[in-house]
Amino acid sequence: MKKIGIISVLLLFAAFGVFAQTDGPMPMKPEMTEIWDPEVPVVTPGVTPLNAPSDAIVLFDGEDIGREWTNGQGGEPGWKVEEGCVTVVRGQGIIKTKRVFEDFQLHIEWRSPSEIVGTSQGRGNSGVFLQERYEVQVLDNYDNRTYRNGQAGSVYKQHAPLVNACKAPGEWQTYDIIYTAPRFNDDGTYFTPPTVTVLHNGVLVQNNVKMRGPTEYIGIPEYSVKKHGPGSISLQDHGNPVSFRNIWIREL
Ligand code: MG
């Protein structure tokens, strides 16, 4: 009886053509590779690519620097705010965001002084520090030579920019920075190092480069790798009155 049962099931399968196509893969239909859910979130872009999209955190809108920023000690920033921008005041030290970040897209605009003072690293020097450790150099390199891995758009002393896209001193310039924070092994070494892409005035100057370690003025970056969590964006006081405006960030 059991045998007859199996035979009749097999006959039934054959009748419905179950065994008809065993030679190749099932034919694909377009909708089989379409993914609908979850729906991609909607973001309203800024009026221009310079303006913050709807999901950005505005870190400085030209007015109140103390809302999102502190000085290095956690107090009021000592930099000068006027005419919609904030300017380094020599000796006041860094300013840094109160919020801390991991992976992000950052837009920041900067201007080196129109009055040219100094040469090489002494002209319009500041910097955007990612997680307070990794410097994207700000420097007036318009007709101003310096070491290639320390000029504007460099990951300071680690990666020279692909090109020099500087505008003249006194003109506003943009950085768009896409940053992926490091992930760590238990022993404090990088599991994956931090990586960064930088557009300077819309021109690609860093293409997803890997950092070797925190920025060092003197020494080997690898030696100072230490496990860390989320960090602020900080801006450098290098003694030159560099200005910043229109700073916004999107957490990724
Ligand atoms: Mg600097």
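Annotations for the structure displayed:
- The residues of segment 42-82 that are touching a helix residue (DSSP H, G or I) at 6+ places or on another chain (Cβ under 7 Å) and closer than 17 Å to Trp110 by Cα, listed by number, are Trp79, Val81.
- Qualifying residue in segment 120-134 (condition: near the ligand (Cβ under 10 Å from one of its atoms) and either under 17 Å from Ile220 (Cα atoms) or touching a Lys or Arg at 6+ places or on another chain (Cβ under 6 Å) (or both)): no
- Those residues of segment 135-160 which are among the hydrophobic types (A, V, I, L, M, F, W, C) and within 11 Å of the ligand (Cβ to nearest atom), in sequence order: Val136, Val138, Leu139, Ala152
- Odd one out for Asn164 among (1) assigned to a loop (DSSP other than H, G, I, E, B); (2) without any contact (Cβ under 8 Å) to a residue 24 or more places away in the chain; (3) surrounded by fewer than 17 Cβ atoms within 10 Å (Cβ to Cβ): (3)
- Applying a threshold of 6 Å to beta carbon distances and a minimum spacing of six or more residues, or different chains, the list of pairs starting in segment 116-138 at a residue that is more than 20 Å from Lys98 (Cβ to Cβ) and ending at one that is away from the ligand (no atom under 11 Å from the Cβ) and among the small types (Gly, Ala, Ser) reads Gly124/Ser112.
- Looking across Gly66, Gly75, Gly93, Gly118, one residue alone is surrounded by 15 or more Cβ atoms within 10 Å (Cβ to Cβ) and among the small types (Gly, Ala, Ser). It is Gly93.
- Restricting Ile94, Ile116 to residues that are within 14 Å of the ligand (Cβ to nearest atom), farther than 19 Å from Asn201 by Cα and not small (Gly, Ala, Ser) narrows the list to Ile94.
- Among the strands (runs of 3 or more DSSP E) confined to segment 46-151, the ones with at least 2 residues that are of a type in the set (D, E, K, R) are located at 80-82, 104-111.
Every read-out reported here was derived from the displayed coordinates using simple, explicitly stated rules and does not represent laboratory data. Just so it is clear, the structure is predicted and the values come from calculations on it, not from any experiment. Cβ sites come from the backbone with ideal geometry, for glycine too, and all protein chains shown count toward neighbours.
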